[in-house]
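Notes for the one structure printed next.
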Amino acid sequence: MKALIVEDEHKIANSIKKGLEHERYTVDVTYTGLEGFDLATTEPFDIIILDRLLPGMDGLEICKRLREQAIHTPILMLTAKGQVEDRIEGLDSGADDYLVKPFAMSELSARLRALVRRPQQALSQTLKVDGLTLNTKTYEVKRDGKEIPLSSKEFSLLEYLLRHSNKVLYTYALSLRI
């Protein structure tokens, strides 16, 4: 397993690195947000451990940008910001899990194992085909920038079709008499 740790507190970063190496991870460490983002976009990792408050670029921004670039590496946000609103903001930015400092190394390891067990192919929130864009988070559909209002059934059907574009789909009609 290959892990990236993006943590500006050297002591914490090195402690996590040592713990993960003991569990046979290969670990890269960066201490700034910009370095972490650059490494996450140029090297393949199985897991990213990301501090929230970083110099250069914060963890929320890193998460958002990685997800926008269709990088679906599991991200565990590790931070001192532990209010409910902070956790919600972290998860909504694209993190897969959120752990508050101080933490137990055994819990961090268990959470990482759980994250890497999940399917690697995450479903994208924004689907695009030609000039048609569908956003599954905001439920907006646009064609060449112009919004198209859809019912929930129409939206679901369109999402299904877009997720299976370039595939032949067969349908079976069932007629019911009421």
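Computed from the coordinates by the stated procedures, all read-outs in this text should not be read as laboratory data. Keep in mind that this is a model prediction, so the values were computed, not measured. Positions of Cβ are backbone-derived with ideal geometry, glycine not excepted, and every protein chain shown enters the neighbour counts.
Sort 148-161, 47-60, 92-105 by the packing proxy (mean of other Cβ within 10 Å over each peptide's residues), most packed first.
47-60, 92-105, 148-161
For Lys146, the aspartates and glutamates whose Cα falls under 18 Å of its own Cα, not counting residues fewer than eight places away in the same chain, are Asp130, Glu154, Glu159. Treating cross-link reach as a plain straight distance, find the aspartates and glutamates whose alpha-carbon is under 15 Å from the alpha-carbon of Lys101, omitting any fewer than eight places away in the same chain. Hits, sequence-local ones excluded: Glu7, Asp8, Glu9, Asp51, Asp86.
If the cut-off is a Cα-Cα distance under 13 Å, which aspartates and glutamates reach Lys2, setting aside same-chain residues fewer than 8 apart in sequence? Reachable aspartates and glutamates: Glu21, Glu23, Asp28, Glu43, Asp46.
Label sites at Glu61 and His10, each approximated as a point 7 angstrom past Cα along Cα to Cβ, lie 2.4 nm apart. Here the simple spin-label model places points 7 Å from the Cα toward Cβ, and for Leu91 and Arg118 these points are separated by 1.0 nm.
Taking a point 7 angstrom from the Cα of Lys167 along the C-beta vector, which residues in segment 90-120 have backbone N less than 15 Å away? Residues passing the 15 Å test: none. The modelled label-to-label distance between Met1 and Thr136, using points 7 Å beyond Cα along the C-beta direction, is 2.5 nm.
Suppose R0 equals 41 Å; then what is the FRET efficiency for Lys18 and Glu147 from their Cβ-Cβ distance, rounded to the nearest 0.05? After rounding, the FRET efficiency stands at 0.20.
Looking at the chain alone, DSSP beta bridges between its own residues are antiparallel in about 40 percent of cases.
Mean residue ellipticity at 222 nm, helices only, the chain: -11500 deg cm²/dmol; runs of at least 4 DSSP H residues each add -39,500 (n - 2.57), and the sum is divided by the number of residues. One way to sum up the overall shape of the chain is the equivalent ellipsoid from its Cα gyration tensor, whose semi-axes run 38, 18, 16 Å, largest first.
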